[in-house]
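The values are calculated or read from the model by the stated rules, or taken from the named source; none is laboratory data. Everything numeric here is computed off the predicted structure, so don't read it as measured data. Here Cβ is always computed from backbone atoms with ideal geometry, including for glycine, and neighbour counts include all displayed protein chains.
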There are 2 protein chains.
Amino acid sequence: MRLSTGFWQTYKEVPADAEIPSHQLMMRAGLIHKTGSGLYSYLPFGYKAIRKVEQIIREEMDRAGAHEIHMSVVTPGELWKESGRWDAMGEQMLKIKDKGGRDLCLSPTNEEAVTDIFRKTIKSYKNLPVTLYQINTKFRDELRPRFGLMRGREFTMKDAYSFHVDKASLDEVYARLFKAYEAIFTRAGLEFSAVEADAGAMADKDQKTHEFQVIADTGEDEVIYCAKTGYAANIEKAQTKRAPLDFFKTENVVEEISTPDKQTIEEVCNFLEKPQHQSLKSLVYKSMIGDEEETLLILLLGDDTLNELKLEAHLKCDHLKAAVDSEIDHEGFVKGYIGPHKLSSKARIIFDSQIDLEAAYVAGANKIDLHFGNMIPKRDVENFDVADLRTACKGDLTLDGMGTVEVKRGIEVGHIFQLGDKYTKALGTTVLDNNGKTMSPLMGCYGIGVTRVVAAAVEQHHDEKGIIWPMSLAPFHVYYAEITKSEENKKLANDIYQQLLDAGVEVVFDDRKAGPGFKFKDADLLGLPIQLIFGERDFKKDGMLEIRIRRSGESIRVAPVDIVTKIKELIASTK
Amino acid sequence: MRLSTGFWQTYKEVPADAEIPSHQLMMRAGLIHKTGSGLYSYLPFGYKAIRKVEQIIREEMDRAGAHEIHMSVVTPGELWKESGRWDAMGEQMLKIKDKGGRDLCLSPTNEEAVTDIFRKTIKSYKNLPVTLYQINTKFRDELRPRFGLMRGREFTMKDAYSFHVDKASLDEVYARLFKAYEAIFTRAGLEFSAVEADAGAMADKDQKTHEFQVIADTGEDEVIYCAKTGYAANIEKAQTKRAPLDFFKTENVVEEISTPDKQTIEEVCNFLEKPQHQSLKSLVYKSMIGDEEETLLILLLGDDTLNELKLEAHLKCDHLKAAVDSEIDHEGFVKGYIGPHKLSSKARIIFDSQIDLEAAYVAGANKIDLHFGNMIPKRDVENFDVADLRTACKGDLTLDGMGTVEVKRGIEVGHIFQLGDKYTKALGTTVLDNNGKTMSPLMGCYGIGVTRVVAAAVEQHHDEKGIIWPMSLAPFHVYYAEITKSEENKKLANDIYQQLLDAGVEVVFDDRKAGPGFKFKDADLLGLPIQLIFGERDFKKDGMLEIRIRRSGESIRVAPVDIVTKIKELIASTK
């Protein structure tokens, strides 16, 4: 591709709304264009990188035995009403009425549509398992789209769906696609981690779900990771235990302690000169299951934080929220002095599992300016549950105690789920099993944010000058600049370009009328892995061209006759 | 691909809404699935054919120097308001309000969005001409979607847009893309015709536009075609002349003829024993330009038909409609007896250019039961224009008189336009020309209905048994069935499959547990160009397999050792 006839413009200015490097660099390098809020158009170089990701995905999905289809982007409301998600999907689903007054939506995901295709096509266990996938446009009406391709409203997604007669088959295909995902992200040149994820309140315990997180400081997710044991989980889901703690043991009775104006854990523990884990944090929540509301009193070690998703999953409730002041009052609690001992409230009490129930703690006394000391849960609190409710932290131990965990930030680029028979049941989809009985197939679903993969790659691979593409995603492998004046050298520069084309090299030829400084800046910003430079001045000295590796900055000089061979070598060996 | 683990089902029943062969066959062959009204999902074999078309288009567009981009499917209303098309596009544009109350639409086309990208990127004539294209999802909210992929609401389109400093550059790129289109449809194995098309009322006379029509009996368009001169045009636009006619010449004065109850041309001419072309057909129309309404009296030879699009283009009006009875009365005309002589109405009179103005005609006398005879336009009618307003017919002559035209039916698969500066002006898009002055670039736009190409190919290539894919669009090149029982032959059958895969042959292996009749029916319906059959009974006789050509029905027997070579030969030589 000759830049003199190309469609490309770079920019010095960073757009005001671009907060993270990938968004800034993709805009500055002329890879994407903002068509509207959360609506991006992909320009020639940007689209080439996206298509490279699509091709890697296609090859690995095909290798895993999945079949590619293409569902309509617009789906009829009827299908979503069959599954009950027309109302349940929330505001991210953009609903439309067509000219005939029928309900439609822009697909945010396609479980219903694919199940509709499946139920027409497959009638027998003999045709199972089967996995279908597509690479297609999705739309989610984010109220505050941001970060460019990272959280746009319209985006490209690979979504796959598998169908099974039994859990063993689902597990087998799930494992196969897990491997395919590892292959995809590895080929894409990404440092990533497959982590256990939260399947939502309604999922069965034995339904697996994993996220594939690209490690990057700007990631929106937090990942708990243990290098020693390999344990990795989204912080929303991560189960760890505290490193050993010096709990306070005593048999003394509960004592009242005057704590005037000491309301926070920090204030109380400083005042009493106790470590925070020898106090209890008391939180009041309201949960709804159907129409039934329940008040909850949650106890955590004083320096721990509640993980609301764990609480929601434990309760299997429809809604959960922290109680507001008036609700706290109404229950007979005193804000700042809440505690589980001598309770007037009928709140259901749940202790976090990291609390030693036989140790003694400081906790609120439900009276203004008063705490209890020597409060031993097992002795002093009636009727409570225990559950894992705390948010995992850096320095925790894995549940088996074998390793210490760290926290990393991650960008979720893939998510795989075992869905069970939720959608096949809802859509009345059955097949005959090998006993001739009808059954609702189990499903798995498997997503990759295709456009987000490209943004994540830029997030992970850049420096202060610009992007550094992994070879596998680079829009072209080689950037080739000619900085010549004489007719003779111009001709030679063009001959070398033609030789590279003839050898099948993906090369951008910078034949624009511009100086070396301008060209090199553009080259570093665009970030193709290999740079080839025909500089007339140096060529006159040694008859050679320069090859630079964008990532390492290494530079070598190569004679024209060796260029094609050397470039092909470097393409094969550079990551 | 092994059918035993595939996702494929054929059907005997023709869906009730499938009226044309391509729709029927694509449903029956399991290529597409109806997800909703005008919303189709593409199943594995169907999607493979679509991707083949996409690849051909991509290669030829790249060869023509166009750059591939990908615009958002959802575009913001603001862009359409800038061009004035938010209101003008009509009901086919599906408009949406997002959660934030902003106007969006599903792109029916992308002139505005591409001009927005262009205006940000290109500032100088030095970077022109440039052509951008995309292959993407489009949506048009047809009230009555029909014919499967032929007229769906959601479809895949290749749309390209070129930008130029002058008409010469536009003409050059237009010609280059015209050639690219010929290459695309030729490679796709289609019998097609590039025809002059109607550019709409507002287009300048020198703005070219052509349609690419695939010839098929079920086509929705009529194409005028002259085998001798090569003239080809959509009937909406076609300009031809009548074959020589025996006009009636006389110098006699106008006479009144009593024609009681004779209102139609046919009735009057039968009654007077005159050929219909010796009478005039008088039509009353109303046109609007801005707020101004005008009444028109249109005269055609008695056996000709008005082409409303020609009339609209001639008037350059905003709206045009046939007058209703009350309007005809109000103007002082008498329905069934309208004519241009002795007119009380102030209607603007336009004669079709095929009328010999010096010949004598029968025409209505604007009185009940009365016609005029010997009415000579030049002598007896005041103040009239002449324009080409008639619909071309089979048997007409080309304008140069060199050939006779026929009418064929066509499926429009491509349409290319010269747009002028309409969109660049509306969106305030300028570049500096080579004198340093700002100018609004000229644009061309170039569409191909990608999914419609596949339907058109099926329309043109099928027989009573099913589809007959052109090699270039076939989902796979070879259908290979094994009908064996012995372990030994099963193994050999599998070995041959592996040999074909290793040789890079696109082969579907029908290893399903099913009888030969079942498999052959499926094979003919699916229509892959080459069929390879391992029938155990025949193999025992001569040690050979059968190769059948789907299109010709030819059959040969080939020894296992020769199969790969023979199959590769046939793939290269079969169309």
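Could you go through the range B:319-328 and let me know if any residue there is of a type outside the set (Val, Ile, Thr) and touching a residue at least 60 places away in the same chain (Cβ under 8 Å).
No, the range B:319-328 has no match at all.
Among the strands (runs of 3 or more DSSP E) contained in the range A:181-290, which hold 1 or more residues that are among the basic types (Lys, Arg)?
Where strands (runs of 3 or more DSSP E) fall fully within the range A:181-290 and carry at least 1 residues being among the basic types (Lys, Arg), they are A:280-289.
Mind listing whichever residues of the range B:97-126 are crowded, with 20+ Cβ neighbours inside 10 Å and without any contact (Cβ under 8 Å) to a residue 24 or more places away in the chain?
Scanning the range B:97-126 gives a single hit, B:Asp98.
Report yes if B:Leu106 is of a type outside the set (D, E, K, R), touching a helix residue (DSSP H, G or I) at 6+ places or on another chain (Cβ under 8 Å) and modelled with pLDDT of 95 or more, otherwise no.
No; evaluated as a whole, the condition is false for this residue.
Is there a residue being touching a helix residue (DSSP H, G or I) at 6+ places or on another chain (Cβ under 7 Å) and either not polar (S, T, N, Q) or not in a strand (DSSP E or B) (or both) anywhere in the range A:389-400?
Yes, that holds for at least one residue.
Right, A:Ala201: touching a helix residue (DSSP H, G or I) at 6+ places or on another chain (Cβ under 9 Å) and at pLDDT below 90 or not?
Yes.
Mind listing whichever residues of the range B:435-469 are polar (S, T, N, Q) and either touching a residue at least 24 places away in the same chain (Cβ under 8 Å) or touching a Ser or Thr at 6+ places or on another chain (Cβ under 8 Å) (or both)?
B:Thr438, B:Ser440, B:Thr451, B:Gln460
A:Gly373 fails exactly one of the following numbered conditions: (1) surrounded by fewer than 17 Cβ atoms within 10 Å (Cβ to Cβ); (2) touching a helix residue (DSSP H, G or I) at 6+ places or on another chain (Cβ under 8 Å). What is the number of that condition?
For A:Gly373, the exception is condition (1).
Are any residues in the range A:551-575 touching a residue at least 40 places away in the same chain (Cβ under 8 Å) and part of a helix (DSSP H, G or I), and if so, which ones?
A:Pro560, A:Ile563, A:Val564, A:Ile567, A:Lys568, A:Leu570, A:Ile571
Return the residues of the range A:278-301 that are over 17 Å from A:His341 (Cα atoms) and either touching a residue at least 60 places away in the same chain (Cβ under 8 Å) or among the polar types (S, T, N, Q) (or both); say none if nothing qualifies.
A:Ser287
What number goes with the only condition from (1) within 26 Å of B:Leu419 (Cβ to Cβ); (2) modelled with pLDDT of 95 or more; (3) buried (at least 17 other Cβ atoms within 10 Å of the Cβ); (4) not charged (D, E, K, R) that B:Ala168 does not pass?
Single failed check for B:Ala168: (3).
Residues in the range B:329-346 that are at pLDDT 95 or above and either in a helix (DSSP H, G or I) or farther than 12 Å from B:Lys367 by Cβ (or both): how many?
1
Could you check B:Arg151 against (1) over 29 Å from B:Ala474 (Cβ atoms); (2) more than 11 Å from chain A (Cβ to nearest Cβ) and say which number it fails?
Checking B:Arg151 against (1) over 29 Å from B:Ala474 (Cβ atoms); (2) more than 11 Å from chain A (Cβ to nearest Cβ), the one that fails is (1).
Which strands (runs of 3 or more DSSP E) does the range B:402-486 wholly contain that include 1 or more residues that are at positive phi?
B:406-420
Within the range A:42-56, which residues are over 22 Å from the mean Cα position of the chain (by Cα) and either of a type in the set (A, V, I, L, M) or facing chain B (nearest Cβ under 7 Å) (or both)?
A:Leu43, A:Pro44
Based on this model, can you work out whether B:Asp206 counts as acidic (Asp, Glu) and in the same structural domain as B:Leu419 (by TED's automatic domain parsing)?
Against the criterion (acidic (Asp, Glu) and in the same structural domain as B:Leu419 (by TED's automatic domain parsing)), B:Asp206 qualifies.
Confirm whether A:Ser162 is of a type outside the set (A, V, I, L, M), touching a strand residue (DSSP E or B) at 6+ places or on another chain (Cβ under 6 Å) and in a loop (DSSP other than H, G, I, E, B).
Judged against the criteria, A:Ser162 is not a match.
Give A:Ala493, A:Ala514, A:Ala523 a once-over and let me know the one that is part of a helix (DSSP H, G or I), of a type in the set (Gly, Ala, Ser) and over 40 Å from the mean Cα position of the chain (by Cα).
Exactly one residue qualifies, and that residue is A:Ala493.
For the list (1) buried (at least 19 other Cβ atoms within 10 Å of the Cβ); (2) part of a loop (DSSP other than H, G, I, E, B); (3) modelled with pLDDT under 90, I need the number of the one condition that A:Ile355 fails.
Against the list (1) buried (at least 19 other Cβ atoms within 10 Å of the Cβ); (2) part of a loop (DSSP other than H, G, I, E, B); (3) modelled with pLDDT under 90, A:Ile355 comes up short only on (3).
If I ask for residues that are under 24 Å from A:Arg390 (Cα atoms) and surrounded by 13 or more Cβ atoms within 10 Å (Cβ to Cβ), which ones from the range A:244-271 would you list?
A:Leu245, A:Phe247, A:Phe248, A:Lys262, A:Gln263, A:Ile265, A:Glu266, A:Glu267, A:Val268, A:Cys269
Which of the residues belonging to the range A:523-550 are surrounded by 22 or more Cβ atoms within 10 Å (Cβ to Cβ) and in contact (Cβ under 8 Å) with a residue 60 or more places away in the chain?
Correct list: A:Leu526, A:Gly527, A:Pro529, A:Arg550.
Restricting to the range B:12-37, and then to whatever is part of a loop (DSSP other than H, G, I, E, B) and facing another protein chain (nearest Cβ under 9 Å), can you tell me which residue is nearest to the chain's Cα centre (by Cα)?
Going through the qualifying residues, I end up with B:Ser37.
Does A:Ser344 fit the bill of being hydroxyl-bearing (Ser, Thr, Tyr), buried (at least 17 other Cβ atoms within 10 Å of the Cβ) and touching a strand residue (DSSP E or B) at 6+ places or on another chain (Cβ under 8 Å)?
So A:Ser344 fails the test.
Would you please list the contacts, defined by Cβ atoms under 6 Å and residues six or more apart or on different chains, that run from a residue in the range A:483-503 that is farther than 20 Å from A:Asp542 by Cβ to a residue that is of a type in the set (Val, Ile, Thr) and outside any helix (DSSP H, G or I)?
A:Leu500/A:Val507
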